[in-house]
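Here is the structure we will look at.
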Amino acid sequence: MKIKVSFFLFALSFSLLTSSCISVKVSENTVTAAETSVNVKMPKNIILLIGDGMGLSEVSAAIYYKDGKPNFERFSTIGLSKTSSGSELITDSAAGATVFSTGVKTYNGAIGVDRDTIPVPTIVEQLSKDGYSTGIVATSSIQHATPASFYAHVEHRRMYEEITEFAPNSGVDFFAGGGLKYFNDRKDKRDLLEDMPAAGYTVITDKLPTTNVRGKELILLAENGMPKMSEGRGDFLPDATKLALEKLSKNEKGFFLMVEGSQIDWGGHDNDADYLIEELLDFDKTIGVALDFAKHNGETLVIVTADHETGGFTLAADGKDYNKIKPVFSTTGHSGTMVPVFAEGPGAFLFNGIYESNEIYFKMMEAIGK
C-alpha cells in the first residue's frame with residue numbers, strides 16, 4: 001500500500017509540474033535550476049542616496065524625531081551592507097564611496113583608484129559613455145570624498161585641486177553643492193571656472209535656480225562645504241535633487257543620480273546630536289523627493305544607504321528613565337557596524353540580504369543590464 005501511494009503522489013506531482021508554466025532543468029536526476037515565464041521589470045533610471053555616516057541608530061533617530069511619517073518607512077526592501085575597506089576593518093568615506101562607484105574594495109583615502117592606485121572606471125563614467133545622463137548633488141563640496149569618488153581618480157582624498165581638474169571632462173550633466181574655492185582660489189593660480197563653459201557647462205554661483213538651463217549645469221553655492229541646516233541652508237538638498245531629476249529625466253535612455261547627505265557624518269564626528277538629527281531629517285525629506293519622483297515615473301530604482309557609520313551613535317535611555325531617549329556617542333571617528341540598504345522600485349529585490357558594500361555597484365549595474 002505504501003508503494004502504491006508513493007507512486008500515485010509521484011505521478012500526480014510530475015503531472016502538475018509538466019503542465020505548469022515552470023520548466024525545470026534536470027542533470028543526472030538532480031534539479032539544478034528553475035526558470036519561469038514571468039517577466040521581471042527592471043529600471044531605466046537609478047537614484048542612489050548616500051547618508052554619509054548613517055547607521056541604523058541614525059535612521060532610528062530620523063524616525064523618532066520626525067514630525068510625521070518618515071520616508072524611510074516607505075521602502076519595502078531592506079538589506080545590510082558590510083562596510084570594511086580593502087585596507088582596514090573600518091572604512092573611511094573615500095574607500096566607502098569608491099566601492100559604490102567602481103565595485104572595487106580599496107584602501108582608505110582612495111578616490112576612484114584600486115589598491116595599486118590604478119584608476120578604475122566609475123559608474124558615472126560608464127553610463128555617460130553609454131548615453132545616460134548623470135548627476136551629483138551633495139551638501140559638502142563636490143570635491144569631498146563621496147562625490148569625488150564618482151568622477152575623479154586620485155591617490156588621496158585631500159587632493160582637492162587635482163580632483164577639481166576632472167570636473168570639465170567628467171561627463172556629469174548636473175553638479176550641485178559647494179567647492180567654489182577649488183575652482184578659482186587655487187595654488188596654481190588657474191581659474192577652472194573659465195574651462196567649464198567650453199565643456200558645455202553653465203556655471204551658477206549665486207543661488208539655486210528654480211528651473212534648468214540648457215546644457216550641463218555646475219551649481220556651486222559655497223566656498224567649501226554648504227552651510228549646516230542650523231546655519232540656514234534651508235531646502236537646498238531636496239530642491240537640488242528635484243531640479244536634477246527634472247533635468248536628467250528628459251533623457252529617454254535613462255539616468256543615474258547620486259545624492260549625498262554629507263553632513264550627517266560631520267554631526268557624528270562632532271558628537272553633536274542636534275547637528276546630526278537636523279541633517280538626518282533634511283536627508284529624509286530628500287528621500288521623499290526621490291520616492292515621489294520614482295512612484296510617478298515608474299521606471300526608477302531608488303537606493304538609500306551609507307558608506308559607514310560615524311560616531312558610534314546610540315539612542316540610549318536617559319538613565320533609568322526608559323520613556324526618554326538620550327543620544328550617546330562612543331567615538332569621534334567611524335565604527336565598523338553594518339549599515340542598512342533601502343531599495344524601492346524596479347529591481348529592488350536585488351538588494352535583499354547581507355553583502356559586502358561593493359556588491360551595491362554590481363547590483364546597480366545588473367539592474368540596468370550592464
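Structure summary
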{"read-out": "Residues (of a type in the set (A, V, I, L, M, F, W, C), under 18 Å from T91 (Cβ atoms) and in a strand (DSSP E or B)) located in region 329-370", "value": "V339, V341, I354"}
{"read-out": "Any hit, region 324-333, residues being at pLDDT 95 or above and buried (at least 24 other Cβ atoms within 10 Å of the Cβ)", "value": "no"}
{"read-out": "Count - residues of region 96-130 that are in contact (Cβ under 8 Å) with a residue 60 or more places away in the chain and either out of contact with any helix residue (DSSP H, G or I) (no Cβ under 9 Å at 6 or more places or on another chain) or part of a helix (DSSP H, G or I) (or both)", "value": "11"}
{"read-out": "Checking I63 against (1) in contact with a Phe, Trp or Tyr (Cβ under 7 Å, 6 or more places away or on another chain); (2) over 19 Å from T117 (Cα atoms); (3) touching a residue at least 12 places away in the same chain (Cβ under 8 Å); (4) aliphatic (A, V, I, L, M), the condition it does not meet", "value": "(3)"}
{"read-out": "So S170, is it within 17 Å of the chain's Cα centre (by Cα) and either modelled with pLDDT under 95 or in the same structural domain as V203 (by TED's automatic domain parsing) (or both)", "value": "no"}
{"read-out": "Meets criteria (surrounded by fewer than 22 Cβ atoms within 10 Å (Cβ to Cβ) and assigned by TED's automatic domain parsing to the domain that holds V59) for G311", "value": "no"}
{"read-out": "Filter pass, K363 being of a type in the set (D, E, K, R), in contact with a Phe, Trp or Tyr (Cβ under 8 Å, 6 or more places away or on another chain) and assigned by TED's automatic domain parsing to the domain that holds S81", "value": "yes"}
{"read-out": "Pairs with Cβ under 6 Å, 6+ apart, first in region 254-273 and over 19 Å from G225 (Cα atoms), second part of a strand (DSSP E or B)", "value": "G254/N45; F255/N45; F255/S133; F256/I46; F256/T134; L257/I47; L257/G135; A273/P327"}
{"read-out": "Selection from region 110-135 of residues that are of a type outside the set (F, W, Y) and either buried (at least 21 other Cβ atoms within 10 Å of the Cβ) or closer than 21 Å to G55 by Cβ (or both)", "value": "A110, I111, G112, V113, T122, I123, V124, E125, L127, S133, T134, G135"}
{"read-out": "Filtered residues of region 70-95 (kept if part of a strand (DSSP E or B) and of a type in the set (D, E, K, R))", "value": "K82"}
{"read-out": "Flag for A167 being at negative phi and not in a loop (DSSP other than H, G, I, E, B)", "value": "no"}
{"read-out": "Pair list, Cβ under 6 Å, 6 or more apart: region 231-244 residue of a type in the set (D, E, K, R), other residue part of a loop (DSSP other than H, G, I, E, B)", "value": "R233/M226; R233/P227; D239/L208"}
{"read-out": "Selection count where residues are closer than 25 Å to P346 by Cα and not hydroxyl-bearing (S, T, Y), scope region 274-321", "value": "22"}
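The values are calculated or read from the model by the stated rules, or taken from the named source; none is laboratory data. Here the structure is a predicted model, which is why all the values come from computation and not from measurement. Every residue, glycine among them, receives a Cβ derived from its backbone with ideal geometry; neighbour counts consider all protein chains shown.
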